[in-house]
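The values are calculated or read from the model by the stated rules, or taken from the named source; none is laboratory data. This one's a predicted model, so the numbers in the text were calculated from it and none came from an experiment. We place every Cβ from the backbone using ideal geometry, glycine too, and count neighbours over all the protein chains shown. Just the protein is used for accessible areas: all its heavy atoms, side chains included, with ligands, DNA and RNA removed. Shrake-Rupley method; radii C 1.70, N 1.55, O 1.52, S 1.80 Å.
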Amino acid sequence: MTETNPARTVVSFEDARGAAGTDLGTTAWREITQEMIDTFADATDDHQWIHVDPERAKDGPFGAPIAHGFLTLSLIIPFWGELFDVTDVSTKLNYGLDKVRFTAPVKVGSKVRMHGTIRDVQEVKGGGLHLVVDASFEVEGQERPAVIATFLARFYP
């Protein structure tokens, strides 16, 4: 189940120039289902039993199937859109990632959300803005985040 986040930050291109240091808060929680895990396994051809065999995974190191780390990381795209947007632009790009760490497993049935902070904003060739975002993926009921990443986004007028 996906919920929406009413606290989304929406700014103009000009205002985005000054967004460095902005804590965007957190997204709504999103449940990780076995169906999501199985679909991701099919898409990536990664059918390791700790992900796709619920019976065997019960006796495994985590006591249940776990999501692929890259499945959790892939949620950065919908989560980013839930946290932040820039108006009056012609192009929005997911520019990439810098440091990424998978710091804790995400068991099937867990709920995750992302916290984001815009660390830096720089002008780039073509009149665009390059945003560096510190992102962490929280798991409901766990102290340790599942993923910590530096996300890069660009906006062009």
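For the reader, a short list of remarks on this structure follows.
- Residue in the stretch 99-118 that is closer than 22 Å to PRO157 by Cβ, more than 12 Å from the chain's Cα centre (by Cα) and either open to solvent by 60 Å² or more (accessible area, probe 1.4 Å) or of a type in the set (Val, Ile, Thr) (or both) present: yes
- Restricting the first member to the stretch 18-36 and to residues that are farther than 20 Å from ILE66 by Cα, and the second to residues that are among the small types (Gly, Ala, Ser) and open to solvent by 40 Å² or more (accessible area, probe 1.4 Å), the beta-carbon pairs closer than 9 Å and six or more apart or on different chains are LEU24/ALA7; GLY25/ALA7; THR26/ALA7.
- Unique match (being modelled with pLDDT of 95 or more and part of a loop (DSSP other than H, G, I, E, B)) among ALA41, ALA28: ALA28
- Pairs are defined by a Cβ separation below 7 Å, a sequence spacing of at least 6 or placement on different chains, a first member in the stretch 109-124 that is acidic (Asp, Glu), and a second member that is open to solvent by 40 Å² or more (accessible area, probe 1.4 Å); the pairs so defined are ASP120/ALA20.
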